[in-house]
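A quick write-up on the structure given underneath.
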Amino acid sequence: MKKLRERILEEGRAINENVLKVDSFLNHKVDPKLMYEIGTYFREYFSGRGITKIFTIESSGIAPAVMTAMQMDIPMLILKKQKPNTMSEDVYQTTVHSFTKGADYELTLLKKYICEEDKILIIDDFLANGEASLGAVRLVEGAGAKVSGIGIVIEKSFQKGRKSLEEKGYDVYSLARIKKLEKNLIKFII
Ligand code: G4P
């Protein structure tokens, strides 16, 4: 997505070889029009697969996921990183390790919001090692439903996320794929 790549080049900042800051339109301040256009790309790519729900992982996946859900006219669910005290009902949970944050969290979904007939599109803001997406996949498949695709806004292609997901047979569609980061340098694959 050309517009996204341009925005990353204009406003993104590689703080080292591993981390890209995009606080001004995705992770902190959010540009709704850009998120809407991102939704259009995901809708066009994933339409025709009978997708019934979009899942995302809190919190920065929410904006692109909800814009996609709106355009596909289906519900969007936010997978929680811990079980809120107010969630007293039955849940599916799986432990996810974040290498970026160096910590584990319990990805959580209320059982009543998924059924075996569901075809789920997973959308997230960043793909690094793929642990969050793999956690979402475990929840979906643990409920007997199907993962119909994975949509990523920014993929760090030099990390192993895409490979791990593709090896398991999932279709990963990323709108910006970063080949290399260096302090003050951002290089794309596409
Ligand atoms: P993984 O799922 O692909 O294995 O990624 P990892 O656990 O390593 O990433 C943990 C968090 O860091 C995620 O956000 C992810 O989106 C974010 N992240 C990873 N690499 C980058 C990067 O280069 N730049 C930025 N800005 N974020 C990155 P999170 O903990 O879910 O936080 P949130 O922002 O969604 O609330």
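Counting only trypsin sites (Lys or Arg not before Pro) that sit in a DSSP loop (anything but H, G, I, E, B) with at most 14 other Cβ atoms within 10 Å, what is the longest stretch of the chain containing none of them?
102-167
Quick one: length gained pulling Glu6 to Glu58 fully straight, 0.36 nm per residue minus the C-alpha distance? Don't skip to the answer; put the middle values down first.
On the way: separation 52, 0.36 × 52 = 18.72 nm, distance 2.55 nm.
Computed gain between Glu6 and Glu58 is 16.2 nm.
Among Pro32, Pro84, Pro75, whose mean-square fluctuation peaks in a Gaussian network model of the chain (Cα, cutoff 10 Å)?
Looking only at Pro32, Pro84, Pro75, the largest GNM fluctuation is found for Pro84.
Quick one: Debye curve from the C-alpha atoms of the chain, no solvent, what's log10 I(q)/I(0) at q = 0.08, 0.09, 0.19 Å⁻¹?
With no solvent term, the Cα-only Debye profile gives -0.24, -0.30, -1.39.
What chymotrypsin sites (Phe, Trp or Tyr not before Pro) in the stretch 52-144 are in a loop by DSSP, with at most 14 other Cβ atoms within 10 Å of the Cβ?
Sites meeting the loop and neighbour criteria: Phe99.
May I ask for log10 I(q)/I(0) of the stretch 1-101 at q = 0.25 Å⁻¹, from a Debye sum over the Cα atoms as equal point scatterers with solvent left out?
After summing over all Cα pairs, the log10 values are -1.30.
Here is the link list: Lys2/Lys163; Lys21/Lys160; Lys101/Lys168; Lys112/Lys179; Lys29/Lys146. Which ones come out longer than 28 Å on Cα distance?
Distance filter (> 28 Å) returns Lys112/Lys179; Lys29/Lys146.
Take every Cα-Cα distance within the stretch 123-190, group them into 10 Å bins from 0 onward, and report for each bin the whole-number percent of pairs it holds.
For the stretch 123-190, the pair-distance distribution reads 21, 52, 20, 6, 1.
Once you have the alpha carbon radius of gyration of the stretch 45-143, what is it after dividing by 2.2 N^0.38 Å, with N set to its residue count?
On the way: Rg = 13.1 Å, N = 99, 2.2 N^0.38 = 12.6 Å.
With N residues counted in the stretch 45-143, Rg over 2.2 N^0.38 Å equals 1.04.
With θ set to phi - 60° and the Karplus curve 6.51 cos²θ - 1.76 cosθ + 1.60, what are the ³J(HN,Hα) couplings of the stretch 159-174 in order, to the nearest whole Hz, using x for Gly and Pro?
9, 8, x, 4, 4, 4, 6, 5, 4, 8, x, 8, 8, 9, 10, 10
FYI, it's all coordinate maths here, none of it is from the lab. All values derive from a computational prediction rather than experimental measurement. In this analysis, Cβ positions are derived from the backbone assuming ideal geometry, glycine residues included, and neighbour counts consider all displayed protein chains.
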